[in-house]
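Single-structure report; data block below.
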Amino acid sequence: MALIVVETTHAQPLTPEIIEAADERVFPCLKAREADWRYSLISTDWRRTICTFDAPDTEAVRSSYRMANIRFDRMWPAEIRVPEFTQPSWKEPILKVVESTYPSLTDEDWDKTNGQILPYYAEHGIEWVCSYVSRDRTRLVWELNASDADVIQAAHRKFGIPCDRVWSANVLKP
């Protein structure tokens, strides 16, 4: 199974009814293609979502979305990265999502980035929950427990680490 990440920006804020209707359309398609929804992150303004799936491949999720007539911005296979010694959990009131685009992120880049930013995060009370790295190494999504998005953006500027956007999130789980 592959880990698939789906990013979507919504022109209008989502509502529980819109989400429920989309779920009713897409879940049978996903099941037919042996894909399972893991969880979704939804911005507190209800205009941005990142959904994660376990699926045979990206095409299984892509075709499910198309059959269900659900729009998405970007869909990609990912590798998950988690802290080595602990497994933090989401703290929804302070959960932040950081999205970054790279020319190409090597393992050395990953190690350098973590070596710089994780100590800075720890000093400022920011807890790394997990990250998703696209298989082509051009996309990175961080999940962080942090009370202040400005501190995250300042850290990325300080160390020259790409940061496309930072947003507060809620978690939707099965």
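Relative to the current alpha-carbon distance between F85 and K31, full extension at 0.36 nm per residue lengthens the span by 16.0 nm. Extension gain, T106-K173: 0.36 nm per intervening residue step, less the Cα-Cα distance, totals 21.0 nm. All alpha carbon pair distances within segment 1-159 were sorted into 10 Å bins beginning at 0; the resulting P(r) in whole percents reads 10, 37, 36, 16, 2.
Applying the Karplus relation 6.51 cos²θ - 1.76 cosθ + 1.60 with θ = phi - 60° to segment 136-142 yields 3J(HN,Hα) values of 7, 6, 10, 10, 9, 10, 9 Hz, where x marks Gly and Pro. Which of the three applies to segment 1-91, rounded, prolate or oblate, going by the alpha-carbon gyration tensor with a ≥ b ≥ c and a/c under 1.5 meaning rounded? The shape class here is oblate. Here the spin labels are modelled as points 7 Å beyond Cα on the Cα-Cβ line, and at N69 and T15 they lie 1.8 nm apart. Taking label positions 7 Å along the Cα-Cβ direction at both A2 and R62, the computed distance is 0.8 nm, reported to one decimal.
Going by a ≥ b ≥ c, the root eigenvalues of the Cα gyration tensor, does segment 72-174 fall in the rounded group (a/c under 1.5), the prolate group (a/b larger than b/c) or the oblate group?
rounded
The slack in the chain from E92 to D54, taken as 0.36 nm per residue of separation less the alpha-carbon distance, amounts to 11.4 nm. Quick check: the distance between the Cα centres of segment 147-166 and segment 53-86, to the nearest angstrom? Using only Cα atoms, the two centres lie 25 Å from each other. Residues within the reach of a label modelled at L118 (point 7 angstrom out along Cα to beta-carbon, backbone nitrogen below 18 Å), restricted to segment 81-97, are 81-90.
Please report the relative contact order for segment 32-101, taking Cα pairs under 8 Å with a sequence separation of at least 6, and give it as a percent rounded to a whole number.
23 percent
Quick note: the coordinates plus some simple rules give every number you see, no bench work behind them. These figures come from a predicted structure and were not determined experimentally. Note that we place each Cβ from the backbone using ideal geometry, even for glycine, and neighbour counts take in every protein chain shown.
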